[in-house]
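Working notes for the structure below.
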Amino acid sequence: MSVYVITGVSKGIGFELVKQISEDQKNIVIGLVRDKAATDKKVAAELGNRANVHILHGDLTSHASLTEAAAATNKIVGDRGVDYLIANAASLPHLDAYDPISYLGDKVEELEKVSAELFHTNVIGNIHLFNLFLPLVLKGKVKKVIALTSGHADLDFINDLEVENSALYAASKAAMNVIVAKFNAQYKKDRVLFVSVSPGLVEVGHFANVTPEQMQGLMGFMGKLAAYAPDFKGPTPVDEAIKTLRSTIKEKLSIENGYGGAFTSHLGTKKWL
Ligand SMILES: NC(=O)c1ccc[n+]([C@@H]2O[C@H](COP(=O)([O-])OP(=O)(O)OC[C@H]3O[C@@H](n4cnc5c(N)ncnc54)[C@H](OP(=O)(O)O)[C@@H]3O)[C@@H](O)[C@H]2O)c1
């Protein structure tokens, strides 16, 4: 039996994590979302009435909402604490997703707005999350804090493949990786694992409504991925991707195995696909 707290479970990877982890009725899964009513409805429709799933309001851009979520979690879990804190929620903008950085040159207001939102959500939001939930993690048995990051933040990946797109998103994840390492620097001695893990390229419908121009940028990126990993067949179905991710988190990622503060992939390596 383990207790999980996962942010951003309204859809995508977060929802799939809740689905798979709560299949074992002994696990307790607490999911944080911005829209609780909509997620309650989705959980009821797709997972049925699972007594071990608790959906709480938690917006990474609101310290007050995270404070309330931590207090509500404490009431649910009591002395068991939290075994796994999974910082999954993130801002994933479309602005920078398909084009090289020069595309942003004359989009001054959009660039500043999206960059502020990215830093607020993906970096500051997770600092608040970690600080507020740490007392519960320290009470837990497993003590693993996992932040979902991206291979986009790897400098060798950017430089070797000349990956031009997703500049702002990548920078926010690089900043988050540093924050995760700083938490590791402080809490490794308390046996808390802080680690940043990329899930690989996972199919969650991000590109369902792209324009023909955006699709062209996307195809250029996919072409580079095919050269990087010749066995790459496109984004991994979310159920399969989460099985791999869960196994790596559980079996491989530990302080003993040298992952404290690391930036690693779903395979526990620097192989991003
Ligand atoms: N899919 C991939 O291929 C891939 C690859 C590398 C890394 N990742 C990482 O994996 C994680 C999950 O990504 P995904 O693909 O599942 O994306 P997604 O489907 O867009 O889900 C993102 C989740 O984050 C939530 N969120 C956004 N802003 C928030 C905020 N301010 N407060 C709380 N929740 C917020 C969203 O909630 P709303 O419904 O309220 O918007 C949603 O539940 C992210 O950290 C992403 O960077 C994904």
Given (1) closer than 27 Å to Thr61 by Cα; (2) open to solvent by 50 Å² or more (accessible area, probe 1.4 Å), where does Asp160 come up short, assuming only one miss? (1)
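Pull up the stretch 125-156, narrow it to residues that are part of a loop (DSSP other than H, G, I, E, B) and within 14 Å of the ligand (Cβ to nearest atom), then point me to the one that is nearest to Leu32 (Cα to Cα). If you could, list the steps in order and put the result at the bottom.
Taking the stretch 125-156 and keeping what is part of a loop (DSSP other than H, G, I, E, B), we get 140-143, 149-150, 154.
Applying the additional criterion that residues be within 14 Å of the ligand (Cβ to nearest atom) yields 149-150, 154.
On the way: Thr149: 18, Ser150: 21, Asp154: 28 Å.
Per the criteria, the residue is Thr149.
Per-residue answers, yes or no, for (1) among the acidic types (Asp, Glu); (2) under 19 Å from Ala97 (Cβ atoms); (3) in contact with a helix residue (DSSP H, G or I) (Cβ under 8 Å, 6 or more places away or on another chain):
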{"position": "Ala208", "(1), (2), (3)": "no, yes, no"}
{"position": "Gly217", "(1), (2), (3)": "no, yes, no"}
{"position": "Ala226", "(1), (2), (3)": "no, yes, no"}
{"position": "Asp231", "(1), (2), (3)": "yes, no, no"}
{"position": "Leu253", "(1), (2), (3)": "no, no, no"}
{"position": "Glu256", "(1), (2), (3)": "yes, no, no"}
Selected residue (only one of Ile76, Ile13 is more than 23 Å from Lys243 (Cα to Cα) and open to solvent by 20 Å² or more (accessible area, probe 1.4 Å)): Ile76
Just one of Asn74, Asn122 is more than 22 Å from Val3 (Cα to Cα) and part of a helix (DSSP H, G or I); which is it? Asn122
One residue is enough: does the stretch 16-32 have a residue meeting the conditions in contact with a His (Cβ under 8 Å, 6 or more places away or on another chain), open to solvent by less than 10 Å² (accessible area, probe 1.4 Å) and small (Gly, Ala, Ser)? yes
For the stretch 218-242, give me each residue that is touching a residue at least 12 places away in the same chain (Cβ under 8 Å), within 16 Å of the ligand (Cβ to nearest atom) and either over 17 Å from Gly14 (Cβ atoms) or loosely packed, with under 15 Cβ neighbours inside 10 Å (or both). Leu218, Phe221, Met222, Lys224, Leu225, Tyr228, Ala229, Phe232, Gly234, Pro237, Asp239
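Report, by residue number, each residue of the stretch 1-39 that is charged (D, E, K, R) and either assigned to a helix (DSSP H, G or I) or modelled with pLDDT under 95 (or both).
Filtering the stretch 1-39 for residues charged (D, E, K, R) gives 11, 16, 19, 23-24, 26, 34-36.
Passing the criteria: Glu16, Lys19, Lys36.
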Contacts under 7 angstrom Cβ, first residue in the stretch 13-38 being free of Cβ contacts under 8 Å to residues at least 60 places away in the same chain, partner acidic (Asp, Glu) and open to solvent by 10 Å² or more (accessible area, probe 1.4 Å), 6 or more apart: Arg34/Asp59
Report the residue count in the stretch 172-205 for those that are assigned to a loop (DSSP other than H, G, I, E, B), more than 16 Å from the ligand (Cβ to nearest atom) and either surrounded by fewer than 20 Cβ atoms within 10 Å (Cβ to Cβ) or without any contact (Cβ under 8 Å) to a residue 40 or more places away in the chain (or both). 1
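The values are calculated or read from the model by the stated rules, or taken from the named source; none is laboratory data. Here the structure is a predicted model, which is why all the values come from computation and not from measurement. We place every Cβ from the backbone using ideal geometry, glycine too, and count neighbours over all the protein chains shown. Heavy atoms of the whole protein, side chains included, go into the accessibility calculation; ligands, DNA and RNA do not. Shrake-Rupley method; radii C 1.70, N 1.55, O 1.52, S 1.80 Å.
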